[in-house]
1. Just give me the residues in region 134-158 being within 12 Å of F211 (Cβ to Cβ) and free of Cβ contacts under 8 Å to residues at least 24 places away in the same chain, in sequence order.
2. Restricted to region 175-194, and to residues that are surrounded by 20 or more Cβ atoms within 10 Å (Cβ to Cβ) and either modelled with pLDDT under 70 or within 16 Å of the chain's Cα centre (by Cα) (or both), which residue is nearest to A95 (Cα to Cα)?
3. Do the conditions hold for L92, that is, is it in contact with a His (Cβ under 9 Å, 6 or more places away or on another chain), crowded, with 19+ Cβ neighbours inside 10 Å, in a strand (DSSP E or B) and touching a residue at least 60 places away in the same chain (Cβ under 8 Å)?
4. Can you run down the residue pairs with Cβ atoms below 9 Å, 6 or more apart or on separate chains, where the first is in region 66-82 and among the β-branched types (V, I, T) and the partner is loosely packed, with under 13 Cβ neighbours inside 10 Å and in a loop (DSSP other than H, G, I, E, B)?
5. Surrounded by fewer than 23 Cβ atoms within 10 Å (Cβ to Cβ), touching a Cys at 6+ places or on another chain (Cβ under 9 Å) and of a type outside the set (F, W, Y): which single residue out of P169, P163 fits that description?
6. Scan region 222-261 residue by residue and report those that are among the β-branched types (V, I, T) and either modelled with pLDDT under 95 or out of contact with any strand residue (DSSP E or B) (no Cβ under 9 Å at 6 or more places or on another chain) (or both).
7. Taking only region 75-109 into account, find how many residues are of a type in the set (D, E) and modelled with pLDDT under 95.
8. I'm trying to understand the selection: among the residues of region 106-133, which are surrounded by fewer than 20 Cβ atoms within 10 Å (Cβ to Cβ), β-branched (V, I, T) and not in a strand (DSSP E or B)?
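The values are calculated or read from the model by the stated rules, or taken from the named source; none is laboratory data. Keep in mind the model is a prediction, meaning the values are calculated, not measured. Quick reminder, even Gly has a Cβ in these numbers, built from the backbone with ideal geometry, and neighbours come from all protein chains shown.
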Amino acid sequence: MPRECEPAWYLNDMRRGLLVVMLACGSSSAPPPPPAPATIQPTKPARSVREEVLAVTHHVYVLSNTGMMTEFRDVIAKALALDPIVETGAPLIGATAIATTAHAKDVAIDVRGEDETQVARMLRLDTLITSGSLSAFTAGGNPPPLVLGRGLAKRLGVKVGDPLDLVVPPSMRRKDFDRVGAWPEEPLVKPFRIVAIYELALGEFDSRIAFTTLAAGMALADTDSVGVVALRLEDPDRADDIAARLGRALGPEYKAESWNELNKNLLDP
């Protein structure tokens, strides 16, 4: 099981960690046993780093400096009114959970809860799918859908159609801490079903990040609020300008950041 997490983990995870690669709670340092052969289709043609980052990253992220965001609809409305280049916006949530299968133990997974009604428009995740279908993700359902990176699926030894339980240890649960000032005694266990596998050459994403619906992400994060508002622009190269203008328009309670600034370490030659 990963190391104990301080309360500060929650804000790091919800507000910023989910934007690039969430590393709030590391997985076990022991190397995993070799996974079973995975029935995943051959890889797709090579893409540039920029194309890969844009496929799984939103153009502008808006964070609340006071914690979780309850007024996200107002933020989206202000962003849409700011400039016609802002096409749409949606709330996000992030959570870190643990998965154990017959082939790997205590694997930390960073789960991004995306609005299933907007994900096809907000991201280009469909261009990365090598097994399964994004339509099964947008359809929702119970157990909720889960889209895994190819590296993560291979490590866990799972495939499309398999069930997967995600566990949030007591020290990573937030709701009871807010309510009574103490971490709960029991872990939170949520069942999922794997509906698609995506592939990226960027191992930081492929081997760590999974996608689920917004409601399932909120349940896994043990919260009733969202952490971030994401925006889609007509031109992603205008993200720095829109982030700066939107930050001024929203005031000091918020911070807006562009996709290229957040991923500068990946994009710089």
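1. T138
2. My answer is F192.
3. So L92 passes the test.
4. T66/E253; T70/D224
5. The match here is P169.
6. Taking region 222-261 as the starting set, the residues that turn out to be among the β-branched types (V, I, T) are 223, 226, 228-229, 242.
Correct list: T223, V226, V228.
7. Number of matching residues: 1.
8. T117, T127
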